[in-house]
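Trainee: Dropping a structure here in structure tokens format, bear with me for questions.
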Amino acid sequence: MTWEQLSNLTPDNGAIRDLKDLIIAEIFTDPELERFFTLVQNAKNGEKIGYRGAMSDVGWAGSGCNPSYKSATIQFLEKEWSIGDWQVPLKWCYTELINTIAEYCLKTGTEIGDLTSTEYMDDIVYPALKDAMMSMMWRFVWFSDKDAKLHSNSGVLSTGTDVELFKTTDGLWKRLFAVGTASAGQKTAIAANGEATMAEQFSKLKESGVAIGIFDAMLENADARIAGLPGAGIFCTKTLADALTKDLKREYKEILTWEQVFGGMKMTEYNGVPVYQIPVWDRMIMKYQNDGTKLNLPHRAVFGSPREMLVGTPANDLISELDIWFDKKDRMNYLYSTGKMGTQIGQDDLFQLAY
């Protein structure tokens, strides 16, 4: 809740005397972050990540003495962590609450400036901050880009977006798009994404057979090893999930049942493969990658395993502790948190993408 919103609430209207009585707009409940990637602790910037691939074919015809010995090769690949810094520096002054309903939360006398341990901080600011920092991590993990630009500067970010919100690291989408660019066979193109308007981007996806075709192409073209990886599934935007549900019902009279598994997450199966819809992706694309006419790739999916989607931090957890204090000299309330993180993907060939 912003200061402007609080100022619109009349403190002496006789209806509301306690901040706990405020009806705050429902906050989206996002799925647990770490269901979609593998957290790597103690990851250092510049540190190498090594992978062992498969050995070349062995087993030749023949037997007996003095065999002809051959060489076998083993595929190895190496990637490197690029860890960036993030921070949350916030401040409050008690005067910003004067003549709002929050004024009733203020302490009295000399302590009036100290907002710590007040109802306003405990019941409004802290819960809202928790949700904001969770959203921050979704943004970092999936949508961050060290080269982020506004769409007016040949980037994809919406007008008015603070580009510094995205520059901590390169997120998983940027890395996965690089895989799709390098290997055309690992990408299923979604034609609806290329439409000229937002309305057409959504309507074209809903046309007969389109969604079914996208999911079938992903599964048919995917490396057979993907399905056997731990936690493997198709992770997709809600737009794609909804389109698949409607397409199956229209084309085959099949009702796709979505099960609420946790938080805002729903899961179903398509041709024996788990499918997860991730509404937070849709919300961030709409908010941050909207040029006012159309969205940047509003329909996306990745078929892979969280084991191959890595998020690293030098610490033990992505969310750091908060420092919260009241400064008696300048009479201001401060909150600060900082941390480091980066993303990386494992074996490039263990992903199949649609966008």
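Trainee: Given labels modelled 7 Å from the Cα in the Cβ direction, how far is it in nm from E321 to T108?
Mentor: Roughly 3.5 nm, to one decimal.
Trainee: Taking springs between alpha-carbon atoms closer than 10 angstrom, which of W92, W81, W173 fluctuates most in the Gaussian network model of the chain?
Mentor: Among W92, W81, W173, the largest GNM mean-square fluctuation belongs to W92.
Trainee: Follow-up. Mind pulling the angle between the C-alpha long axis of helix 210-221 and the longest principal axis of the chain? Nearest 10 degrees, somewhere in 0 to 90.
Mentor: It is inclined by approximately 50 degrees.
Trainee: Here's another thing I want to ask about it. I want to make sure I understand the PRE zone here: with the label point 7 angstrom from the Cα of K249 toward its beta carbon, which residues in the range 172-206 have backbone N atoms less than 17 Å away?
Mentor: 203, 205-206
Trainee: Let me ask something else. Quickly work out the T95-to-A54 label distance, labels modelled 7 Å from Cα along the C-beta direction, and quote it in nm with one decimal.
Mentor: Taking the two extended label points, one gets 7.0 nm.
Trainee: Quick one: putting +1 on the C-beta of Lys and Arg, -1 on the C-beta of Asp and Glu, what dipole do you get for the range 128-205 around its Cα centre, in Debye to the nearest 20?
Mentor: Details: 9 positive and 8 negative charges, 44 e Å.
Roughly 220 debye for the range 128-205.
Trainee: With axes computed from alpha carbons, what is the tilt in degrees of helix 172-182 against the longest principal axis of the chain, rounded to the nearest 10 within 0 to 90?
Mentor: The helix 172-182 is inclined about 30 degrees to the chain.
Trainee: Could you tell me which of rounded, prolate or oblate describes the range 141-195, using a ≥ b ≥ c as the square roots of the eigenvalues of the alpha-carbon gyration tensor, with rounded for a/c under 1.5 and, failing that, prolate when a/b is larger than b/c and oblate otherwise?
Mentor: Note, shape of the range 141-195 comes out oblate.
Trainee: Can I ask one more? Need one number: % antiparallel among DSSP beta bridges in the range 183-325, to the nearest 5.
Mentor: Antiparallel bridges: around 80 percent, rounded to the nearest 5.
Trainee: What pairs from K266/K287; K206/K287; K91/K149; K130/K246 go past 32 Å between their alpha carbons?
Mentor: Pairs exceeding the cut-off: K130/K246.
Trainee: Still on this structure, I have one more. Treating the beta-carbon of each Lys and Arg as +1 and of each Asp and Glu as -1, no other charges, what is the dipole magnitude of the range 58-173 about its Cα centre, to the nearest 20 debye?
Mentor: Here the size comes out at about 780 debye.
Trainee: Any idea what angle helix 126-138 forms with the longest principal axis of the chain, computed on alpha-carbon atoms, 0 to 90 degrees, nearest 10?
Mentor: 30 degrees
Trainee: Just name one of Q277, M198, L77: the one whose Cα is farthest towards the positive end of the charge dipole of the chain (beta-carbon charges, Lys/Arg +1, Asp/Glu -1).
Mentor: Result: L77.
All of the numbers you see were taken from the coordinates with simple rules; none came from a lab. None of these values were measured; they are calculated from a predicted model. FYI the Cβ positions are ideal-geometry reconstructions off the backbone, even for glycines, and counts take in every protein chain you see.
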